[in-house]
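Shown next, in structure tokens, is the structure this report addresses.
Where a number appears in this text, it was derived from the coordinates with a stated rule and is not lab data. What you see is a predicted model; the values in this text were computed from it and never measured. As a convention, Cβ positions derive from the backbone with ideal geometry for all residues, glycine included, and neighbour counts pool all protein chains shown.
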There are 4 protein chains.
Amino acid sequence: MSLREKKTAKKKEEIISTAVSIIAEKGYQRTTMEDIASRLLMTKGSVYYYFKDKQDLLFQSHQLLLERSIENIHDIQQLDIPITEKLKQSMIAHIDHLISEKSGFELMLKPEQYFSDYQLQEIQKLREDYSRCFDQLIAEGIGTGIFVSLDKKIVRNLVLGAMNWITQWYSLDGKLGKEEMSETISDYLMRILIKKK
Amino acid sequence: MSLREKKTAKKKEEIISTAVSIIAEKGYQRTTMEDIASRLLMTKGSVYYYFKDKQDLLFQSHQLLLERSIENIHDIQQLDIPITEKLKQSMIAHIDHLISEKSGFELMLKPEQYFSDYQLQEIQKLREDYSRCFDQLIAEGIGTGIFVSLDKKIVRNLVLGAMNWITQWYSLDGKLGKEEMSETISDYLMRILIKKK
Amino acid sequence: MSLREKKTAKKKEEIISTAVSIIAEKGYQRTTMEDIASRLLMTKGSVYYYFKDKQDLLFQSHQLLLERSIENIHDIQQLDIPITEKLKQSMIAHIDHLISEKSGFELMLKPEQYFSDYQLQEIQKLREDYSRCFDQLIAEGIGTGIFVSLDKKIVRNLVLGAMNWITQWYSLDGKLGKEEMSETISDYLMRILIKKK
Amino acid sequence: MSLREKKTAKKKEEIISTAVSIIAEKGYQRTTMEDIASRLLMTKGSVYYYFKDKQDLLFQSHQLLLERSIENIHDIQQLDIPITEKLKQSMIAHIDHLISEKSGFELMLKPEQYFSDYQLQEIQKLREDYSRCFDQLIAEGIGTGIFVSLDKKIVRNLVLGAMNWITQWYSLDGKLGKEEMSETISDYLMRILIKKK
DNA sequence: TATGAATGAGCTTTCATTCAT
DNA sequence: CATGAATGAAAGCTCATTCAT
């Protein structure tokens with residue numbers, strides 16, 4: 001990658017990161033190109049130099065977030081820890097990611113409204129990658145007899161849903177700190193899978 | 001209520017119901033007053049005869065849905081069945097409501113972006129009412145020693161989140177029917193609370 | 001005039017009087033038929049029973065006000081008092097009328113914007129009638145050598161303009177009462193015409 | 001001021017000047033942004049690039065006109081001519097300004113209907129500045145014994161009112177030219193103040 | 001007569017997008 | 001590369017007016 005390309009890439013990431021946070025605050029529709037540009041001390045025109053259009057910016061933003069999430073989970077899967085621990089760590093990572101990015105939760109809801117067919121495919125691929133990570137952990141747990149034998153897709157969806165909802169009710173000023181909260185939540189959710197003696 | 005008033009009320013409900021379903025499909029911002037009016041074979045002007053502005057229509061729609069949900073739950077609470085059964089039935093009712101209304105999940109996310117201060121208060125009141133129903137069931141279960149003694153607010157939020165997410169992944173064309181699905185999900189979620197033997 | 005006709009006439013005057021005062025407050029364009037109807041505890045539809053359209057209501061309102069002004073002046077002209085006194089009284093009557101009606105000063109400005117050709121003619125006729133009264137008084141004063149021989153049309157216009165402007169700056173809470181104010185103003189304006197000794 | 005800024009400022013003045021003249025013709029409410037834009041061979045959108053909204057355009061227009069009027073009067077006050085002459089020149093300047101700009105007389109009437117609180121304050125400040133100029137001239141004339149000792153605020157208001165009304169009756173096609181007319185009017189109005197021998 | 005309901009033309013405003021410089 | 005300026009399509013909303021009942 002040439003110096004120029006690096007510079008461009010860096011600028012793009014800068015824009016994406018700003019876009020993500022504004023969109024997370026205000027929602028996609030309510031976020032204007034002007035909002036994004038002005039927070040970056042740029043002009044709208046410049047943003048269009050880096051991104052074809054608003055949707056493209058959105059797409060690349062979403063893509064980046066998903067890729068990072070997947071990396072997080074992959075890293076955890078490499079660790080040499082018990083399966084229950086792996087699943088818990090994955091949950092905690094998911095929660096942390098959500099809270100720190102307050103990421104475009106909105107986009108998760110109706111991606112087909114925001115993305116073109118091609119983009120949608122890419123997004124779906126990434127989502128499936130992500131889901132598969134969880135599925136594998138669950139399957140492994142069931143296989144080794146540690147988890148109850150439930151429908152793994154349903155469990156995965158329930159767990160992800162329960163976690164995604166957190167951004168709606170968790171506020172930092174509450175009594176529980178971020179770490180305790182993640183711990184507690186993952187413990188509670190693990191109860192779905194853990195065998196009763 | 002006079003005949004006139006009844007007719008007006010009916011028309012309002014008609015509009016609300018159409019609005020709800022279009023907003024559920026396309027999202028609030030993407031739904032135009034024109035969209036709503038034309039599906040009702042009305043003109044925009046007529047819709048404005050019944051609702052002050054778009055936001056007012058949204059507010060009243062959301063309010064109605066919440067009120068209906070609360071009624072559902074209240075009805076279940078009156079039943080003479082064991083606490084576990086009550087909680088399960090409430091979950092099933094919640095899921096059914098979500099699926100049949102495909103209701104504005106979007107609005108649950110950032111109500112402060114959509115509603116005025118006064119409206120927000122009303123909405124919060126209703127939401128709290130609703131949450132409280134679940135909290136009471138959980139508290140009762142813990143009190144009678146049937147449920148594990150977990151933090152009831154957190155459990156409630158996890159359960160609601162897990163259910164709300166359903167609209168994102170559940171499609172009718174799947175293998176499981178609506179009833180089986182609700183059953184399965186509520187069973188799985190009950191596992192969080194049910195004591196291990 | 002039958003009873004029915006009388007009732008209708010009375011209702012029309014009621015509407016006109018309300019319309020005049022709201023239009024005086026808010027201006028013609030900003031005044032909606034709804035404003036007028038609701039202050040009368042009527043519905044828009046009813047107002048349309050009495051007046052063809054908004055413009056017609058405006059026209060008849062304006063006409064009525066002008067006719068009343070003309071009557072006032074005519075009455076004064078019949079009095080058996082010196083010419084200077086007659087002119088002063090006329091001024092005072094004009095001022096009183098303005099202040100009590102706060103009447104659609106706005107309409108005086110660009111009648112051609114508000115009225116149809118036919119209506120405009122009627123209005124012009126009345127205005128000329130009114131102006132002529134003043135002109136006659138001035139002409140008489142000049143003829144009898146009491147007033148300086150100035151261009152009577154110009155003087156008349158200056159005097160009327162000076163008076164019409166009053167509504168812009170005179171407020172009842174000032175130090176001068178309504179009567180003193182009319183007195184003072186007419187005195188000052190008479191100075192234009194009164195001969196220097 | 002950079003070249004860019006100058007260009008922008010010029011464009012703004014261009015828009016203002018067009019807006020002023022259309023508003024003077026048709027009134028504020030009847031003037032649409034489309035009217036203004038199309039006379040400038042622009043699109044509405046472009047006008048909104050320069051002015052926040054219609055009201056803002058109105059405000060800046062009114063402000064500019066007032067500022068120019070004040071400058072005119074200030075210039076005259078600097079001249080080394082007798083007080084009577086100064087007052088007459090000021091009147092003539094006022095009349096000329098009115099006729100050439102046909103300025104938004106409408107706005108003078110009910111500014112509180114058109115402007116926001118902040119804007120109203122600014123406008124009031126300018127109006128007071130302007131009035132004060134006249135007041136000072138009158139006061140000086142009274143002080144030096146050349147003018148009769150009348151209430152200077154009332155005289156000022158009468159004089160301004162008489163002049164403002166001119167736009168209603170003066171038409172260029174009359175027998176008197178613009179200059180003669182201004183001369184005559186100022187002479188007549190001066191008679192209010194000039195001492196009788 | 002009176003009215004509730006409906007209509008539609010017209011207006012203000014927003015904003016993604018383009019493009020000459 | 002960056003930007004100021006311009007554009008135009010679309011949206012929300014208002015309101016005079018009509019009309020069946």
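Counted as qualifying within the stretch C:139-197 are the helices (runs of 4 or more DSSP H) with 1 or more residues that are among the aromatic types (Phe, Trp, Tyr) and facing another protein chain (nearest Cβ under 7 Å), namely C:166-169, C:178-193.
Listed here are the helices (runs of 4 or more DSSP H) enclosed by the stretch D:1-103 that have at least 2 residues being charged (D, E, K, R) and surrounded by fewer than 20 Cβ atoms within 10 Å (Cβ to Cβ): D:3-26, D:33-39, D:54-78, D:83-101. I'd like the residue in the stretch C:19-56 that is of a type in the set (S, T, N, Q) and away from DNA strand E (no atom under 14 Å from the Cβ) and, out of all such residues, is farthest from D:GLN29 (Cα to Cα). Among them, the one singled out is C:SER21. Would you point out which residue out of D:GLU34, D:GLU5 is closer than 26 Å to C:PHE115 by Cβ, within 10 Å of DNA strand F (Cβ to nearest atom), without any contact (Cβ under 8 Å) to a residue 24 or more places away in the chain and not small (Gly, Ala, Ser)? Checking each option against the conditions leaves just D:GLU34.
Report every pair of residues separated by at least 6 positions or lying on different chains whose Cβ atoms are under 7 Å apart, first residue within the stretch C:51-72 and within 12 Å of C:ILE123 (Cβ to Cβ) and away from every other protein chain (no Cβ under 14 Å), second of a type in the set (Lys, Arg) and more than 16 Å from DNA strand E (Cβ to nearest atom). Listed by first residue and then by second, the contacts come to C:LEU66/C:ARG127.
Looking at B:SER186, B:SER182, B:SER171, just one residue is more than 14 Å from B:ILE99 (Cα to Cα) and under 19 Å from the mean Cα position of the chain (by Cα), and that residue is B:SER186.
Of all the listed residues (B:GLU67, B:GLU13), the sole one being more than 24 Å from A:GLU106 (Cβ to Cβ), away from DNA strand E (no atom under 16 Å from the Cβ) and among the acidic types (Asp, Glu) is B:GLU67. Restricting the stretch B:149-197 to residues that are among the small types (Gly, Ala, Ser) and surrounded by fewer than 18 Cβ atoms within 10 Å (Cβ to Cβ) leaves a set whose member that is farthest from B:ALA24 (Cα to Cα) is B:SER149. Answer yes if at least one residue in the stretch B:112-129 is farther than 23 Å from A:LEU176 by Cα and outside any helix (DSSP H, G or I), and no otherwise. Yes; the residues of the stretch B:112-129 include at least one that is farther than 23 Å from A:LEU176 by Cα and outside any helix (DSSP H, G or I). Of a type in the set (A, V, I, L, M, F, W, C), closer than 24 Å to C:PRO111 by Cα and within 14 Å of another protein chain (Cβ to nearest Cβ), is that true of D:ILE36? No, not satisfied.
Of the residues making up the stretch D:8-31, those that are near DNA strand F (Cβ under 7 Å from one of its atoms) and within 22 Å of the chain's Cα centre (by Cα) number 1.
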